[in-house]
Every structure is written in structure tokens, then in C-alpha cells.
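Just below is one structure, and these are the notes that go with it.
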Amino acid sequence: MHISEGILSAPVLVTGAALTVAGVAVGLKKMDYEKIPQVAVLTSAFFVASLIRLPIGPSAVHLVLNGLLGLVLGWAAFPAILVGVALQGLIFQFGGLTTLGVNTFIMAMPAILCYYLFGRGIAHKHSGMAMTLAFACGFFAVLLSSLLLALCLIFTGESFLQAAKVLVLAHLPVMVLEGVVVAFCLAFLMKVKPELLGATHATG
């Protein structure tokens, strides 16, 4: 889901960078600094999950886990994803420095939206409903990210329209898989560390 260097237009790059700066600022302001180790662990999970990738045109298909980060971290998902994307760009040349803002935004903003849509109160639902919400969180986080990615390409030029359609369709299996992974992760957290879910959503 990383957009490569030299593809997007300057206005799209600048807009993505500005929105990411704003999101990271809010995330750092809302972050409980006692939770930094928790943020670091989930940043690592995001970093590793994105390494297994299938290149498609100007981007790639891979697990994202942004729904899980949004569910557990709330707005802290923004700086967490920024760090993960920056390391992927610097170490493995996934994306790049000029696309850092856009690549962060297309994965972090859906995490925040899913946090508000599915995260609040999820720890207080019975297990069946919680699993359904967790699956929806993982599914829609990737769906929204793929749509934002497609919009970035389309706003750059109409010639990318077909590539944008292919990328959204290619992410459909990832959406389902991501939903299953987030549901299993939620089930595990509810058993061993349920306070990770309740505390973050209480301070939103």
C-alpha cells in the first residue's frame, strides 16, 4: 500500500504531508507517555506485517494492521504508523521520503476513523458482538486505505484510473484476512489484557 517515489503530483504530496503533520501532532498530544512501550510494540507489528508484500503497479498489496492500531492506540496510531512507514522507506525502500506523508495518511486516517466507528465501547460488548466489530474494523480499515490510495492516484492524473481500480480490487482478499487477524487479536487481548481496550477508548 506504499506509493512509490516519482508518481504522485506535487499538490497531492504537499496535501498528504500537511494532513500527516496535523494528525501526528494530535496523536502526540493525546498520547499517554506511559503507554510508549505499548505504542512501540504495535509499531513493530505494523512494520513486520507490511514486509510480506506483492508489488502491483505503483503500489503493493500486503497486511497493514492499521485497524488493530486504531482500535488499541486511538490517535497514537498516527505517530506509530509514521515511524513504521519511515523505517520501511529508509531500510527497504518501500515508498520513499517524498511520499512519507501520503503513505502515512492513507494508513493512519482509516485507523482513526475505525477507532471512532468500532472501538468505543468494544470491550463492553459480549464476545460475539466484539468479534464482529473487530472483523469490521480490520476490513474497513484496509478498504478505506485502498480507497484513499486510489484517490491519490486519480487526483494525480486520469491515466492512473485503471491502476487505482486494480489496486482496490487486489486488496479485497487482504480486507477479509485483516478482519480475521484483528478479530483474533482482539479475542487474545480481551483474555490477557482487556484494559488495553477500555483505557484508550475512555480517553479518546
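Each value in this text was obtained by applying a stated rule to the coordinates, not by laboratory testing. Predicted model, so just to flag it, every value in this text is computed and none were measured. All Cβ positions, even for glycine, are placed from backbone atoms using ideal geometry, and neighbour counts span all protein chains on display.
Computed values, structure above
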quantity: Dipole in debye (nearest 20) - the chain, about Cα centre, beta carbon charges: Lys, Arg +1; Asp, Glu -1; calculated: 340
quantity: Between 0 and 90°, nearest 10: helix 172-192 axis offset from the chain longest Cα axis; calculated: 30
quantity: With Cα atoms, 0 to 90° folded angle of helix 127-156 axis to the chain main axis; calculated: 20
quantity: Nearest-ten-degree value, helix 77-92 long axis tilted from longest Cα axis of the chain; calculated: 50
quantity: Rh by Kirkwood over Cα pairs, then Stokes-Einstein D for the chain at 1.567 mPa s and 4 °C, µm²/s; calculated: 78
quantity: Ascending count of other beta-carbon atoms within 10 Å, so fewest first, for H62, H2, H171; calculated: H62, H171, H2
quantity: Per-residue Cβ neighbour rank within 10 angstrom, fewest leading, S146, S44, S4; calculated: S44, S4, S146
